[in-house]
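Here's the structure we're looking at; comments come further down.
The values are calculated or read from the model by the stated rules, or taken from the named source; none is laboratory data. Since the structure is predicted, the reported quantities are computational estimates derived from the model, not experimental observations. All Cβ positions, glycine included, derive from the backbone under ideal geometry; neighbour counts span all protein chains shown.
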Amino acid sequence: MRLRWTLALAFVALSVLQIAVVVPLALRNLSSLLAGQQEARVDQLMVTVDAEAQRLQGDVRRAMDELAASQALEDVARDAARVPAPAHVTTAATSLMTPRGLDVLALVDDTGRTLSSGHLPARLGEPDDPLFAVTKKAARGVVGTRVELSTPDGLVSAPALVTARAIDYGERRVWAIGGVLLSEARAKDLSRRTGARVDIVTDGATFASAGEAAPPTLTRTVPVGEVATIRLTFSQADLVATRAEVLRAFLGFAGVGLLLSIVLGFLVSRRITRPVEALTDAAQQIAGGTPGVKVEGQGASGELKGLIDTFNHMTGDLKDATDKLVASERIAAWQEVARRLAHEIKNPLTPIRMSLETLLAASQRGPLDDRFKNLFTESARAVLEEVDRLKRIVDEFSQFARLPRPELAQHDLAAVVQPVMALYAAHDGVQFDVALDPGGLVSIDRDQVTQVLVNLVKNAEEAMAGRSGAIHVRVKVGTEVLLEVEDEGPGIPASLKDRLFEPYVTTKPQGTGLGLAIALRIIQEHGGRLEVSDGRTGGALFRVSLPRVSPR
C-alpha cells in the first residue's frame, strides 16, 4: 500500500477513534443532563403539588373559621337541644356547606350524635365516629380522614381533608366538622397543574384518577395522613424523544466529520507524501541509469526539505562520480579494445611473416625452379587471405568506432520488421516463425534498427548450422515495445553470457565479436536495452526493449 493511502487511512482511523470515544461519552453526559433536568422539573412540580395542598388546607381552614363565626351556626347551636329539632337545624349542613366550597360538613353534638350532615343526610341522629375523632386531634389543624358517601352502589369510604370547629351556646357545645374530598375533580385539577397522571389511592385501591402519562414514566407519591396517597406519574417520553433526536444529530455530525476526515486525510497525506513520492521517483530514475536527477522541494518543510536538499546534493555528487567512472570505464574499454585489436592484427601478421621468410629462404638457395613457383603461389594465397582478414577487422572496428548518430522518426516496429523478415525463407531445415503485434509505436532510426535485426537473425542462423528447427521473431506491445529473436540452437555458454556484448567476445571461429557490441550500442542510443537469456527450447533468446511513444 502506498504511503499516501496509509497516512490517509491512519488519519481516518484516528478520526473514527475520536468519534467512537467522544460520541458515547457526550451522549452519556447529555443523557445525565437531560435526566437531571427532568428530575429538577419533577421536583419543581412537586413543589407545586405541595403548594396546592397547602392552599387547599388553607381554604378549608378559612371556610371553617368563617362558618364558626357565622350567625347561622350560632342559631343551630341554640336550637340543637329542642325536641323535635327545628327544620333549620337538620338541613343546616347542606345550606352552610355549598356556599363555602366544602364537600364535607357534619354538625354533631358533644356526644358525637349527628345533628345535620351535608354530605350524608341519611346519617341524621346517628354517630359518625371517624368524623367525631377529628375533634380529638390538634385544634384547628387540617387532617386526613375517611368519610362515608352515598352512591348508587351504596355507601363508599372516601378520603378527605377536614378540620373541626367548636361552637358553644351556654353549656351546650356543637361541633362543625368540614372539609374537601380527594375526589376525581381534585385529581383532574392537580393533573392539569402538573401535566402528570394523578391517582388517589386508599387502602391499596385507586379511588380517583385523572390524566395520562406515556411510557417511560417517573413516579412520585404524596401521603395524605394515614388514609390515602396521591401518586403522580410523570411521562419521560419527551426525554426519550429528545435523546433520540440528539443521537440522530450526533450521528449526522459524526458522518459529516468522518467524510471531512477522509477528504482532509487525503489532502494532508498527499501534501506530506508528494515530496516522498518525488524522492522515490528520482531514486527509481537513478536506479534506471539516470544520475543527477533533482527533486523539487515545493511544499516540503522541516525534515522533508532537509532530506530533499541532502538527496539533491547526493545525486549531484553521484553524477560527478558517475561521469568520472564512465570516463574511466570508457578509457579502460578503449584500452581493452586496442589490446584486442592489436592481438587480432598480430595473428594475421605471423603467417604473413612466415610465408615471406619461407619465400626469401627459397630464393637464396639457387635458381628459381618450379618448386619455388608452387611455394610462391601457396604463400601469396595465404598472405592475401590474411590481408583480407586484416581489412575486415579494420572495417568492423571503424564501423564500431564511428557509428553515426541515429536519425529518429516514429515507426510501428511491426511494420519495420515485417519487410525484413519477408526476405528470409526456410532453408536447410530451418523455419522462420514470425509473430508481430501491431501498434507498437517507437521513435527509431529505421536503418540502424534494421541492422540490429539482421545481425540478430544472422547470429541465430549461424547458431542453427547443422540443426533443424525454427527461428522465432516476435514483436510484443506493452508498456514497452519488445523485439525478440529466439533460436533453437545449442545456446550460449554460461561463462560468456555476462561478456557477450563486449567487443571481440565471440563463440564463432571466424567472428570478430563486434556485431553484438555494435547492436548494443545502437539500441542504447535509442534509449532501449538489449538482453540475452535462455530460450524456451534451450537456445538463445535476444530481447530488444524500446520505449513506446504516443503518436504525434
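Worth a mention:
- Residue in the stretch 466-482 that is assigned by TED's automatic domain parsing to the domain that holds His526, among the hydrophobic types (A, V, I, L, M, F, W, C) and closer than 20 Å to Arg521 by Cβ present: yes
- Matching option when the condition is modelled with pLDDT under 85 and among the hydrophobic types (A, V, I, L, M, F, W, C), among Leu30, Leu67: Leu30
- Unmet requirement for Met46, which otherwise passes all of (1) modelled with pLDDT of 85 or more; (2) assigned to a helix (DSSP H, G or I): (1)
- Residue list for the stretch 404-432, restricted to those being in a loop (DSSP other than H, G, I, E, B) and in contact with a helix residue (DSSP H, G or I) (Cβ under 6 Å, 6 or more places away or on another chain): Pro406
- Listed by first and then second residue, the pairs with beta-carbon distance under 7 Å, at least 6 apart or on different chains, first residue in the stretch 432-458 and more than 20 Å from Ile492 (Cβ to Cβ), second in a strand (DSSP E or B) and among the polar types (S, T, N, Q), are Leu441/Gln410; Ser443/Gln410.
- Within the stretch 214-254, considering residues that are polar (S, T, N, Q) and touching a helix residue (DSSP H, G or I) at 6+ places or on another chain (Cβ under 9 Å), the one farthest from Val47 (Cα to Cα): Thr242
- Among residues of the stretch 407-421 that are without any contact (Cβ under 8 Å) to a residue 60 or more places away in the chain, those with a beta-carbon under 8 Å from a residue that is of a type in the set (Lys, Arg) and surrounded by fewer than 18 Cβ atoms within 10 Å (Cβ to Cβ) at least six positions away or on a different chain give the pairs Ala409/Arg446; His411/Arg446; Val416/Arg446.
- The stretch 46-97 - residue that is farther than 16 Å from Arg186 by Cβ and among the β-branched types (Val, Ile, Thr) and, of those, farthest from the chain's Cα centre (by Cα): Val83
- Test: residue in the stretch 311-320 that is among the polar types (S, T, N, Q), assigned by TED's automatic domain parsing to the domain that holds Arg41 and either modelled with pLDDT of 75 or more or under 30 Å from Ala208 (Cα atoms) (or both): no
Let's see how each residue does on (1) in a strand (DSSP E or B); (2) of a type in the set (D, E, K, R); (3) more than 22 Å from Val142 (Cβ to Cβ):
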{"residue": "Lys188", "(1), (2), (3)": "no, yes, no"}
{"residue": "Arg193", "(1), (2), (3)": "no, yes, no"}
{"residue": "Ala208", "(1), (2), (3)": "yes, no, no"}
{"residue": "Ala214", "(1), (2), (3)": "no, no, yes"}
{"residue": "Pro223", "(1), (2), (3)": "yes, no, no"}
{"residue": "Phe234", "(1), (2), (3)": "yes, no, yes"}
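- Selection status of Ser117, hydroxyl-bearing (Ser, Thr, Tyr), without any contact (Cβ under 8 Å) to a residue 60 or more places away in the chain, within 25 Å of Ala185 (Cα to Cα) and touching a helix residue (DSSP H, G or I) at 6+ places or on another chain (Cβ under 6 Å): yes
- Output for the stretch 195-204, where each listed residue is in contact with a strand residue (DSSP E or B) (Cβ under 9 Å, 6 or more places away or on another chain) and either free of Cβ contacts under 8 Å to residues at least 40 places away in the same chain or surrounded by fewer than 22 Cβ atoms within 10 Å (Cβ to Cβ) (or both): Gly195, Arg197, Val198, Asp199, Val201, Thr202, Asp203
- Criterion applied to Asp50, Asp59, Asp75 was being under 16 Å from Ala166 (Cα atoms) and among the acidic types (Asp, Glu), and the one residue passing it is Asp75.
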